[in-house]
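Chemist: I have a structure here, written as structure tokens, and I will follow up with some questions on it.
We did not get these values from a lab; they are worked out from the coordinates using the rules stated. Keep in mind it's a predicted model, so treat the numbers as computed, not measured. Ideal geometry is used to build each Cβ from the backbone, glycine not excepted, and the neighbour counts take in all protein chains shown.
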Amino acid sequence: MAEHYDVLVVGAGPAGLAAARAVASHGARVGLIDAQPRAGGQVWRYDVRQPAPRAARQAIANLRGVELLAQHSVVAAEASALRVETPQGSKLLSFGSLVLATGARELLLPFPGWTLPGVTGAGGLQALAKQGWPVEGRRVVVAGSGPLLLAAADTLRKHGAHVLGMYEQASPASVASFARQLLAWPARAWQAAGLRARLAGVPYLPGSFVRNAHGVDTVQRVDIDTPRGVRTVECDLLAVGYGLVPNTELAQLLGCALDDAGKHPRVQADALLRTSVPQVFAAGEACGIGGQAVARIEGAMAGHMATGHSQAAQALLPRRDRERRFGALLARHFALDPRLHKLADDLSTICRCEDVRMGDLAGFTDARAAKLATRCGMGACQGRICGTALAELGHFPRSGARPPIFPARLATLAGLATLSSDDA
Ligand SMILES: Cc1cc2nc3c(=O)[nH]c(=O)nc-3n(C[C@H](O)[C@H](O)[C@H](O)COP(=O)(O)OP(=O)(O)OC[C@H]3O[C@@H](n4cnc5c(N)ncnc54)[C@H](O)[C@@H]3O)c2cc1C
């Protein structure tokens, strides 16, 4: 028997928190679901050492009337209901309306040595440090692309790491042009200036990317291609991420149309955040990368829409459009250098869950055939890392999502109406 909510919100990051608050303000019963033990999403992830920023404290404290369903992973979707996995077992939750605020994940690209222990995503190492993984005194190279490199370096320094440098793949001209245009968003420009000031003394080199990581049991040094030639840096940790891609798997299970214009799809939503499925709304980075400001505004809009208050949503439209323009600015200035697509060789592991090498995929033209023959993408991450990297490298178009989208118990799988014999 399903527990019923007027509105369910999936994702308790900035978008989901704002959505749930907006729903509760209209007196509807709302459940706010997140796989994590605490609300906050990626940007406001709980930090064992640092107090949360004021906006995060306010958003998390201000949840009167919202039922927070933490440690609930949505693994499958049925008509007007979600199957969730919890530490105690699985549950079916039904909804009148649904808001998808499932956020984004990091794009990791393969290169020789990328699976060595000590090599992580930039946001990945930031998350580990926030959760208490010890980085104190460790020499860290931060690399990849986008503003997340600075945010990650800042967190790592606050946790006592010795950040040796930040290596940005976008060209110096592109980064300089981005910085000039940032002035049109004074709050962001101010935030960026604060970050740069806190990171004074840490070299920031645009036009640079990691070519190789070397080490025996752990990473020991990295070769970095810079505008002045290859530089070898000795380090204990390498944190490298190439920006973010929207999490669309749950939207796919629900049958929502995706915007496939780029290599990485996003949930298609109209100006008022309606998806192609009636009573399903989407907000924040699931609809495209844009940062926490747009996530908060869209979350509130989606919450109003989910309860039928379209005028309240409409009133936020101008602010939302302005913040979405920032997302477009990011995408233009931090577009990936095609040289990054050629770093991996045939011996580079592409699927770390199932130990599949790039060379094992030779001759396959679609992801499904490659998966069936090599097990690529069949591990615990369900292709979130390798499938996304392969799409970026132009190997296979994106493949569809199948339940369960996160690991689930056998008992849960046995009860899934949507699981066909093909998926098992
Ligand atoms: C690793 C990482 C680190 C980042 N760090 C920063 C930073 O320091 N500063 C910054 O400005 N921006 C950072 N960002 C960017 C950040 O994603 C956005 O600015 C902002 O958090 C987006 O808000 P959101 O609500 O759309 O999504 P998120 O904050 O990503 O929230 C989505 C939530 O949905 C939950 N979820 C997704 N699918 C399911 C499911 N099936 N079942 C249950 N729960 C689910 C996730 O657990 C997550 O908590 C980071 C992004 C990543 C990926």
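Chemist: Report the relative contact order of the range 110-241, percent, no decimals, based on alpha-carbon pairs under 8 angstrom and at least 6 residues apart.
Modeler: 35 percent
Chemist: Taking the beta-carbon count within 10 Å as an exposure proxy, list CYS235, CYS386 from fewest neighbours to most.
Modeler: By the 10 Å Cβ count, ascending, the order reads CYS235, CYS386.
Chemist: What FRET efficiency, computed as 1/(1 + (r/R0)^6) with R0 = 60 Å and r the Cβ-Cβ distance, is obtained for ASP223 and MET1, rounded to the nearest 0.05?
Modeler: That pair, ASP223 with MET1, gives E of 0.55.
Chemist: Give me the lysines in straight-line cross-link reach of LYS263: C-alpha distance below 28 Å, same-chain residues under 8 apart excluded.
Modeler: By straight Cα distance, LYS263 reaches LYS342, LYS371.
Chemist: Sticking with this structure for a sec: With axes computed from alpha carbons, what is the tilt in degrees of helix 14-25 against the longest principal axis of the chain, rounded to the nearest 10 within 0 to 90?
Modeler: The angle comes out at about 20 degrees.
Chemist: Please report how far the C-alpha centroid of the range 1-37 lies from that of the range 263-332, rounded to the nearest whole angstrom.
Modeler: Cα centres, the range 1-37 to the range 263-332: 16 Å.
Chemist: A follow-up question, please. Distances over 32 Å make up what percent of all Cα-Cα pairs in the chain?
Modeler: 37 percent
Chemist: Sticking with this structure for a sec: Set the Förster radius R0 to 56 Å, insert the Cβ-Cβ distance between ALA362 and GLU136 as r into 1/(1 + (r/R0)^6), and round the FRET efficiency to 0.05.
Modeler: 0.80
Chemist: Also, quick follow-up: Hey, what does the equivalent ellipsoid look like for the range 110-241, semi-axes from the Cα gyration tensor as sqrt of 5 times each eigenvalue, largest first, whole Å?
Modeler: Square roots of five times the eigenvalues give 24, 18, 11 Å.
Chemist: List the residues whose amide H sits under 5 Å from the amide H of VAL163, counting only those 5 or more places along or on another chain, with H placed 1.01 Å from N in the peptide plane.
Modeler: VAL140
Chemist: Decide, for the range 342-414, between rounded, prolate and oblate: order the square roots of the alpha carbon gyration tensor eigenvalues as a ≥ b ≥ c, take rounded if a/c falls under 1.5, and otherwise choose prolate if a/b is larger than b/c, else oblate.
Modeler: prolate
Chemist: Taking square-rooted eigenvalues a ≥ b ≥ c of the alpha carbon gyration tensor, is the range 236-343 rounded, prolate or oblate, where a/c under 1.5 means rounded and, failing that, a/b exceeding b/c means prolate?
Modeler: prolate
Chemist: In nm, what is the difference between 0.36 nm times the number of residues separating ALA261 and SER310 and their Cα-Cα distance?
Modeler: Length difference between fully extended and current span is 14.9 nm.
Chemist: Which are the unpartnered cysteines of the chain, meaning those with no other cysteine Cβ under 4.7 Å from their Cβ?
Modeler: CYS235, CYS256, CYS287, CYS353, CYS381, each lacking another Cys Cβ under 4.7 Å.
Chemist: Springs between alpha-carbon atoms under 10 Å, Gaussian network over the chain: tell me which of LEU125, LEU195, LEU17 tops the mean-square fluctuations.
Modeler: It is LEU195.
Chemist: Once you charge only the Cβ atoms, +1 for Lys and Arg and -1 for Asp and Glu, what is the size of the charge dipole of the chain about its Cα centre, to the nearest 20 debye?
Modeler: About 1260 debye.
Chemist: If contacts are Cα pairs under 8 angstrom and at least 6 residues apart, what is the relative contact order of the chain in percent?
Modeler: 19 percent
Chemist: Under unit Cβ charges (Lys, Arg +1; Asp, Glu -1), what dipole magnitude, rounded to 20 debye, does the range 342-414 have relative to its Cα centre?
Modeler: About 320 debye.
Chemist: Next question. Can you check what the net charge comes to around THR102, using other residues whose Cβ is under 13 Å from the Cβ of THR102 (Lys, Arg +1; Asp, Glu -1)?
Modeler: With Lys, Arg at +1 and Asp, Glu at -1, the neighbours total -1.
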